[in-house]
1. Would you compute, from DSSP H runs of 4+ residues alone, the mean residue ellipticity of the chain at 222 nm, taking -39500 (n - 2.57) per run and dividing by the full residue count, rounded to the nearest 500?
2. According to a simple spin-label model (label point 7 Å from Cα along Cα-to-Cβ), what is the distance in nm between M198 and R30?
3. Each label point is 7 Å from the Cα along the Cα-to-Cβ direction; what then is the distance between the points at L211 and L160, in nm?
4. Between A137 and Q186, 0.36 nm times their residue separation minus their Cα-Cα distance comes to what?
5. I'd like to know which of V86, T139, V38 lies farthest towards the positive end of the charge dipole of the chain, counting +1 on Cβ of Lys and Arg and -1 on Cβ of Asp and Glu.
6. Step through the residues of segment 158-172 one at a time and calculate ³J(HN,Hα) from phi using the Karplus curve (6.51 cos²θ - 1.76 cosθ + 1.60, θ = phi - 60°), rounding each to whole Hz and writing x for Gly and Pro.
7. Would you list which lysines come within 25 Å of K37, measuring only between C-alpha atoms, while excluding same-chain residues fewer than 8 positions from it?
8. In percent, what relative contact order does the chain have, based on Cα pairs under 8 Å that are 6 or more apart in sequence?
Amino acid sequence: MRDMADSVVPPQPRDYHGWNWSGFLTLYQREIRRFWKVGMQTVAAPVVTTLLYMLVFVVAVGASRPAVEGVTFGHFVAPGLIMMAVLNNAFANSSSSLIQAKMMGLTSDFLTPPLTPLEQVAAFGLGAATRGVVVGAVTAAVIGVLPGAGLQVSHLWAILYFAVGAAIILGLAGVLAGLWSEKFDQLAAVTNFAIMPMTFLSGTFYLVDKLPEPFRTASHFNPFFYLIDGFRYGFIGHADGNIAIGVVVTAVLATGLFLWCWALFRSGYRLKS
């Protein structure tokens, strides 16, 4: 008996210097399944909403509008509407996931397992980004077959870079909002008074260069402007702003928000109290 006891190897603590792929993928898949289970609400509904915008701005208004930068108004506004769907859905996924977990006392589901804060932020952020990209892809596929709004690809790299970058940025912004909010009213305030105004005032439906001062200059301080402008550039080949600046702003925002979320998860901000 003593020999058998001596031969038992005690359990070794997990090496936190390595990446826990199993735990990370489990949490990531949880975020994917969470929105995929209610696909009619999380995927189909945003597509229908975007189509309604297309009907209003293209069918009702666009017929009387002159060409914008050499393309029809439908071709101009379609990329902005697709990006708006990406932004809103990426933000909604991570923010709603975190606040629901907090209000239902389920934060231990991802705090108790051997997951580092880095792995937790990556899983929540990428899960939200996946929903944003999926909704954007489905929306683009549906809009692409509409008469008068067909999409033509001019710069594929810009479409991919700004779509994925925007989804990551808003997914991480949703993590921040979900951590800060203690009830749904607070989260709704962030959505209604920050995310939605920044989305609508970023050149989604118009050229920023046509705005009078000081609104034209102020629009260039809106980070959503660079995301939508760069994404639209990938389709119509024209940018309202500087594409190089947009590339840098996107990278800096994604990196900065990731580090901010990581610091909050490390401190347990509004998660462990």
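1. On the way: 12 runs with 175 residues, N = 273.
The per-residue figure over the chain is -21000 deg cm²/dmol.
2. According to this spin-label approximation, the distance is 2.7 nm.
3. Modelled inter-label distance: 3.1 nm.
4. Working: separation 49, 0.36 × 49 = 17.64 nm, distance 2.99 nm.
Going from the current span to full extension adds 14.7 nm.
5. Among V86, T139, V38, the one farthest towards the positive end of the dipole of the chain is V38.
6. Per residue, the Karplus-derived 3J(HN,Hα) values read 5, 4, 5, 5, 6, 5, 5, x, 5, 5, 5, 4, 6, x, 6 Hz.
7. K102, K183
8. Numbers: 350 pairs, mean separation 67.2, N = 273.
RCO, the chain: 25 percent.
Rule-based calculations on the coordinates, nothing more; no lab input. For clarity, every value in this text was computed on a predicted model and none was experimentally measured. Here Cβ is always computed from backbone atoms with ideal geometry, including for glycine, and neighbour counts include all displayed protein chains.
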